[in-house]
1. Using a/c under 1.5 as the rounded threshold, could you call chain A rounded, prolate or oblate? The axes a ≥ b ≥ c are square roots of the C-alpha gyration tensor eigenvalues, and prolate needs a/b larger than b/c, oblate otherwise.
2. Which whole-number percent gives the relative contact order of chain B, counting Cα pairs below 8 Å spaced six or more residues apart?
3. I want to make sure I understand the PRE zone here: with the label point 7 angstrom from the Cα of A:Val12 toward its beta carbon, which residues in the stretch A:84-113 have backbone N atoms less than 18 Å away?
4. Would you mind getting the accessible area per residue of the protein assembly as shown, heavy atoms of the protein chains only, 1.4 Å probe, in Å²?
5. With labels modelled as points extended 7 Å from the Cα through the Cβ direction, what inter-label distance (nm, one decimal) is found for A:Asn73 paired with B:Ser12?
6. At q = 0.14 Å⁻¹, what log₁₀ I(q)/I(0) does a Debye calculation on the Cα points of the stretch B:10-115 give, no solvent, two decimals?
7. If the viscosity is 1.002 mPa s and the temperature 20 °C, what translational diffusion coefficient in µm²/s does Stokes-Einstein give for the stretch B:10-54 when Rh comes from Kirkwood over Cα pairs?
8. Name the residues of the stretch A:24-45 whose amide N is less than 19 Å from a point 7 angstrom out from the Cα of A:Arg109 along the C-beta direction?
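The values are calculated or read from the model by the stated rules, or taken from the named source; none is laboratory data. Since the structure is predicted, the reported quantities are computational estimates derived from the model, not experimental observations. Note: ideal-geometry Cβ built from the backbone for every residue, glycine included; neighbour counts use all protein chains shown. Ligands, DNA and RNA are excluded from the accessible area calculation, which covers all protein heavy atoms including side chains. Shrake-Rupley method; radii C 1.70, N 1.55, O 1.52, S 1.80 Å.
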Amino acid sequence: NAGVTQTPKFRVLKTGQSMTLLCAQDMNHEYMYWYRQDPGMGLRLIHYSVGEGTTAKGEVPDGYNVSRLKKQNFLLGLESAAPSQTSVYFCASSYPGRVEPQHFGDGTRLSIL
Amino acid sequence: AQKVTQAQTEISVVEKEDVTLDCVYETRDTTYYLFWYKQPPSGELVFLIRRNSFDEQNEISGRYSWNFQKSTSSFNFTITASQVVDSAVYFCALSGSYNNNDMRFGAGTRLTVKP
């Protein structure tokens with residue numbers, strides 16, 4: 001089972017460039033999330049989705065956009081990359097409800113020069 | 001506001017030692033869930049355990065055990081007879097909203113187990 005797959009695994013961008021990170025899950029989960037992980041700060045929620053066609057802001061949404069056109073996919077976009085967005089990005093998915101654990105992808109390491 | 005504090009940034013032990021990772025949380029919700037995740041050097045996050053706020057029983061799974069104390073808002077994680085494979089970053093997390101969309105993670109504790 002693939003679980004949660006993130007593409008790409010590594011990327012280097014120049015300031016001002018744009019890019020899209022792709023997350024795909026094969027567990028038929030309703031909920032999907034994008035987090036960023038920075039040293040000493042744990043994981044912080046960027047955006048999330050509770051179903052196909054819906055998205056919402058998390059704790060640190062500025063500078064990012066997301067789309068959930070299909071249930072199994074959740075895209076994270078950087079319109080104009082900034083060095084402050086250098087981070088490791090994790091996608092996760094879960095069944096609805098706060099009791100459900102989230103299943104994470106392997107992460108995407110993104111560097112903005 | 002919800003907050004999770006893992007005061008121990010890094011811990012280093014020698015194999016076979018017992019080690020406890022601390023987690024202290026803050027929430028105004030009466031119903032909430034606590035989680036522990038493991039992030040090995042390969043980078044992925046692995047779910048270890050969840051606990052709801054109404055169940056204060058300690059849990060043991062092999063060499064792992066968890067101590068949930070509502071009175072001190074703590075959910076500590078103990079590894080008994082640690083092994084090199086336990087080396088990882090461990091995250092404690094708290095979910096208080098119905099939709100599980102405001103899960104807050106602690107900053108993590110990096111555990112190094114030396115042979």
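1. Because a/c hits 1.5 or more and a/b exceeds b/c, chain A counts as prolate.
2. For chain B, the relative contact order is 38 percent.
3. Those under the cut-off are A:84-89, A:108-113.
4. Dividing the accessible area of the protein assembly as shown by its residue count gives 48 Å².
5. 4.7 nm
6. Calculated log10 I(q)/I(0) at the listed q: -0.53.
7. For these conditions, the coefficient is 162 µm²/s.
8. Flagged as within label range: A:35-44.
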